[in-house]
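Single-structure report; data block below.
The values are calculated or read from the model by the stated rules, or taken from the named source; none is laboratory data. Given the structure is predicted, the values throughout are model-derived calculations rather than measurements. Every residue, glycine as well, gets a Cβ built from its backbone with ideal geometry; the counts of neighbours run over all protein chains shown.
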Amino acid sequence: MRHVFLLILLWATACAPVVRPMGPAVGDPFVSSDALTARDGVTLPLKSWLPGGKPRAVIVGLHGFNDYSNALALPAAYWADRDIATYAYDQRGFGGAPNRGYWAGTRAMAADLRAAVIAVKQRHPGVPVHVVGVSMGGAVTMAALSRGPIKGIESAVLVAPAVWGRAHMNVFQRGALWLLSNTMPWFPLTGEGLNVTPSDNI
């Protein structure tokens, strides 16, 4: 019985949360045609929808949980037809970004947003920049703004921001979330079956 207990204890230590935080800064952020390079040198896949001429505004878009940059394809194409450029990157741990399935931490994701704004401002000097955060992207935007203004943006648009935190979940939901995030961080969750209505205007 003692060996079983030790085995269970050893197994439990393997269940510690894994966070892949941002590394030390190695340079200034920049955007290329298909990537955002963050301050720590990590390359995040980037999609852009650009108008034919000079844009009259630029949007930095942040996707939601279990999604990636292409989530903004439909509105971005519409905006491009109206002379608005859109840049959307795969947030750390999502899409084609490094460490897929592992949480990077709120600080790293908020820092990436600030880096994206700086890089886009350099590419389009004098053009107003707006942030559009969808679901988790909205939560990242709020987290970044809670640490002070995002220098260089005119506005932030939150589309169905993810504000339903663990404090509002019942004990079974919190327990299941903890267990899955600590034992199977690569396992995709959809949210189906939670019986949560994310809006009151449906």
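Of the set (1) part of a helix (DSSP H, G or I); (2) surrounded by 21 or more Cβ atoms within 10 Å (Cβ to Cβ); (3) touching a Lys or Arg at 6+ places or on another chain (Cβ under 9 Å), all apply to R107 but (2). Residues of region 70-85 that are outside any helix (DSSP H, G or I) and touching a His at 6+ places or on another chain (Cβ under 8 Å): A85 alone. Of the residues in region 165-184, not one is part of a loop (DSSP other than H, G, I, E, B), aromatic (F, W, Y) and surrounded by fewer than 20 Cβ atoms within 10 Å (Cβ to Cβ). The sole residue among D200, D112 that is modelled with pLDDT under 75 and among the acidic types (D, E) is D200. Filtered by the rule that a residue be charged (D, E, K, R) and surrounded by fewer than 21 Cβ atoms within 10 Å (Cβ to Cβ), region 48-94 gives K54, R56, D67, D81, R82, D83.
Reported count of residues in region 120-141, each being more than 17 Å from S48 (Cβ to Cβ) and either surrounded by fewer than 16 Cβ atoms within 10 Å (Cβ to Cβ) or among the aromatic types (F, W, Y) (or both), is 1.
Whenever a residue of region 30-48 is more than 21 Å from P75 (Cα to Cα) and of a type in the set (S, T, Y), its partners that are surrounded by fewer than 19 Cβ atoms within 10 Å (Cβ to Cβ) and at pLDDT 95 or above, lying with C-beta atoms within less than 8 angstrom and at least six residues away or across chains, give the pairs T37/T43; T43/A35. When A116, A144 are checked against the criterion of being among the small types (G, A, S) and more than 30 Å from T183 (Cβ to Cβ), a single residue qualifies: A116.
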